[in-house]
Each structure stands twice: as C-alpha cells, then as structure tokens.
Amino acid sequence: VKAKKSIVKFVIDCTQPVDDKVLDVAQFEKYLHDRIKINGKTGQLAGSNVVISRDRTKLTVASPAELGFSKRQLKYLSKRYLKKQQLKEYMRVVASSKNSYELKYYEVQGGDDDDAEE
C-alpha cells in the first residue's frame with residue numbers, strides 16, 4: 001500500500017498589479033518556469049514533478065515535500081522579475097501566510113512637497 005505523497009504548495013498572489021494591468025501573469029509564469037532551480041539546475045521541473053499552475057491573478061507552485069523546494073527561491077525570483085519589468089521601485093513581495101507571497105504596492109505618503117518650495 002503506497003502512502004499518498006505529500007505535496008507542498010506555494011502561492012504568489014498578483015491580484016493588485018494584474019487588476020491595474022501592470023503585470024502579465026502568463027509572462028511571470030513562464031519566467032518562473034524557465035528559472036526555478038531543482039538541485040542547482042534549471043529546466044528540471046517536469047522530471048521532479050514540480051507543477052506551476054495559474055488562474056487569473058495567482059500562481060501556484062506545487063512540489064513534492066521530499067524535494068525540499070524553498071519558498072525563499074520564489075521570493076528571490078519574484079523580485080528579479082519585478083526588477084526586469086522595472087516594477088521593483090513600486091512593488092514588493094510580502095509573505096501573506098506560511099506558504100504564500102503577495103505582490104503589494106509600496107505605500108506612498110503624500111503631502112511632502114518640501115522640495116518644490118526650495
């Protein structure tokens with residue numbers, strides 16, 4: 001009798017930027033697909049049963065638990081993607097729960113117009 005293999009799922013929630021039409025989830029998914037490393041090598045996703053799926057605003061990376069896939073790598077790749085798209089100055093990657101990240105805008109404080117007066 002085989003025990004059901006445990007799967008670890010990580011979610012990247014891109015709701016805010018997708019609603020504002022700043023980020024394309026399909027491109028982001030392709031970026032992750034091409035760059036996620038398994039045992040130090042890219043392009044190993046299919047062989048190690050790592051699956052990236054998406055709906056309209058969320059990307060889900062499912063990985064076998066014994067693989068030891070790191071959530072930190074997803075944060076690193078998300079930040080690199082934002083930098084590549086020139087969005088890094090406006091957005092950040094925030095952990096919203098134990099196994100999910102959320103792309104959020106920086107909160108800009110208004111009313112600081114000291115520079116204009118000088």
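Return the total of residues in the range 71-86 being out of contact with any strand residue (DSSP E or B) (no Cβ under 6 Å at 6 or more places or on another chain) and either buried (at least 16 other Cβ atoms within 10 Å of the Cβ) or at pLDDT below 90 (or both). Quick ask: steps written out before the conclusion?
Taking the range 71-86 first, the residues out of contact with any strand residue (DSSP E or B) (no Cβ under 6 Å at 6 or more places or on another chain) are 72-73, 76-77, 80-81, 83-86.
Pick out the ones that are also either buried (at least 16 other Cβ atoms within 10 Å of the Cβ) or at pLDDT below 90 (or both) and you get 73, 77, 81, 85.
Within the range 71-86, residues that are out of contact with any strand residue (DSSP E or B) (no Cβ under 6 Å at 6 or more places or on another chain) and either buried (at least 16 other Cβ atoms within 10 Å of the Cβ) or at pLDDT below 90 (or both) number 4.
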Item to complete: Could you list, in sequence order, all residues of the range 25-46 that are over 19 Å from residue 102 (Cβ atoms), free of Cβ contacts under 8 Å to residues at least 40 places away in the same chain and open to solvent by 80 Å² or more (accessible area, probe 1.4 Å)?
Response: 30, 33, 37, 39, 41, 46
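Taking into account only those residues within the range 52-70 that are of a type in the set (A, V, I, L, M, F, W, C) and farther than 25 Å from residue 22 by Cα, which is surrounded by the fewest Cβ atoms within 10 Å (Cβ to Cβ)? Talk me through it step by step, then tell me what you get.
Let us first name the residues in the range 52-70 that are of a type in the set (A, V, I, L, M, F, W, C), namely 52, 59, 61-62, 65, 67, 69.
In the following step, the residues that additionally are farther than 25 Å from residue 22 by Cα were identified as 62, 65, 67, 69.
Details: 62: 15, 65: 10, 67: 14, 69: 20.
In this case the residue turns out to be 65.
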Worksheet item: Out of all the residues in the range 47-55, is one or more in contact with a strand residue (DSSP E or B) (Cβ under 8 Å, 6 or more places away or on another chain) and on the phi > 0 side of the Ramachandran plot?
Response: yes
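The values are calculated or read from the model by the stated rules, or taken from the named source; none is laboratory data. What you see is a predicted model; the values in this text were computed from it and never measured. Virtual Cβ from ideal backbone geometry, glycine too; neighbours counted across all protein chains shown. For the accessible areas, the whole protein counts, side chains as well, though only heavy atoms, and no ligand, DNA or RNA atoms are used. Shrake-Rupley method; radii C 1.70, N 1.55, O 1.52, S 1.80 Å.
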